[in-house]
Every structure is written in C-alpha cells, then in structure tokens.
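Notes for the one structure printed next.
Every number here is computed from the coordinates shown, using simple stated rules; none is lab data. Source: prediction; values computed, not measured. With ideal geometry, Cβ positions are generated from the backbone for all residues, glycine too; neighbour counts draw on all protein chains shown.
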Amino acid sequence: MGPVTLYEAASVGDIERVKFLLSKGADVTAKSDSGRTALHVAAANGHGDVVLLLLRSGADVAAKDPDGTTALHWAAVRGDRDVVALLLGKMDNASIAATVAGGSYKGQTALHLAAEKGHKDVVALLLGKMDNASIAATGFYGGTALHWAARYGHKDVVALLLGRMRERDVAATAYDGCTALDVAARYGHGDVVLLLGKR
C-alpha cells in the first residue's frame, strides 16, 4: 500500500497518488500534525512536479508552518532553483516581499538560508525579486545574508550579494558587533576576506 494522505504522497513525490487524492477531494491546504502542508514537504524534498500540481490545485504558497517557514524557505535550503522559480511565479509582488524578506525560524529569510548553504543560483534568483532593504534584512543573531555567506566561505555568493548591497549594509554588524569581513576572517576564509576588503 502506498502513501495514504496527500501530505505523505507529496513527501515521497508520488505524483500519481497526489493526482488521485486531489481528484477525490483531498484538502490541498490541510496541515499535518507537524503543522506543515503538502506543499511544504514537496518543496523540501525537491518534487517539482508535485509542487506545480499542488500550486495549480490551489495550495497556499504563503502558508507557514509553526516555525514561520514557507515552502519557499524549504526550497531555498535545498537549493532547488526550479522549485524556487515555481513558487516565486505564483506570488504577487506583495507576497514576494513578505515571503522572500520575511523571516522563518529564528528570523532567517529565504535569502539567508540560500546564502548560508552556498546556493548561488537560488541566491541570484531571489536577488532579482528583492529591493535593497530586503537584501540587507537581518535574522538569526542579527546577521545579514552576507554574514551567512561569509561565515561558510561561499565566495561566489558573497560576490553576488556585494553586487546588490549598499555600502552601509556591507558594513553592517551582527549582534556580536562583527561585520561580514570579521566573520570571514574569524572562520579562516581568506579569499572571502580579500573580496570583502575591496569594498
């Protein structure tokens, strides 16, 4: 026997079962015991075909789990550019501003999460939808996406962010008083230090 609920079918990417359950009236907006929707788990597991079907069936692209995390946050963590593009394509400008810049668990935005993981293509896609203030948003420990990219030595992501950030935002400090340059130096990412030092 396969997945029983829409959530379970979406989680494993069983598109045929998802189609069947939707045809029988499954609630595309229903949440699991964990407070997540089928769209959340399909995005988190990179099932783009399921994400597309759920969106076409009325899934709420802005739905949040108990931690404040949306499907976009999950797709950004995974680094799935195609799923991120699908989700962004179903959002109006107001939703994009709220979700891309809006924090999830511990205040992290989709941009923070993609930058932390070094997902350059996702970062580039998100930057194309954001204004300068959103790019400089702070999250966990007061860090910007630039802090997170610098922390993990993602030079290509740092370069992308520097191309869009205002000078004052590049020099912003986190709660511990550190700039992105300080963070890169602390964690021994010399190439990132050199790149940031040119600003």
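Assorted remarks:
- Estimated at 0.36 nm per residue, the fully extended path between Ala124 and Glu16 surpasses their Cα-Cα distance by 35.6 nm.
- In a fully extended conformation the segment linking Arg166 and Ala30 would gain 44.8 nm over its present Cα-Cα distance, using 0.36 nm per residue.
- Distance between the 7 Å Cα→Cβ label points at Ala159 and Thr5: 4.5 nm.
- For the chain, the mean residue ellipticity at 222 nm estimated from helices alone is -14500 deg cm²/dmol, where every DSSP H run of n ≥ 4 contributes -39500 (n - 2.57) and the total is divided by all residues, rounded to the nearest 500.
- Note on Lys31: lysines with a C-alpha under 16 Å away, same-chain residues under 8 apart excluded, are Lys64.
- Within a straight-line Cα-Cα reach of under 20 Å, Lys90 can be paired with the following aspartates and glutamates, leaving aside sequence neighbours fewer than 8 residues apart in one chain: Asp27, Asp49, Asp60, Asp65, Asp80, Asp82, Asp121, Asp131.
- Of all lysines in the structure, those lying under 17 Å Cα to Cα from Lys198, and not within fewer than 8 positions of it along the same chain, are Lys155.
- Of Ala115, Ala85, Ala133, the one that fluctuates the most in a GNM where the chain has Cα springs shorter than 10 Å: Ala133
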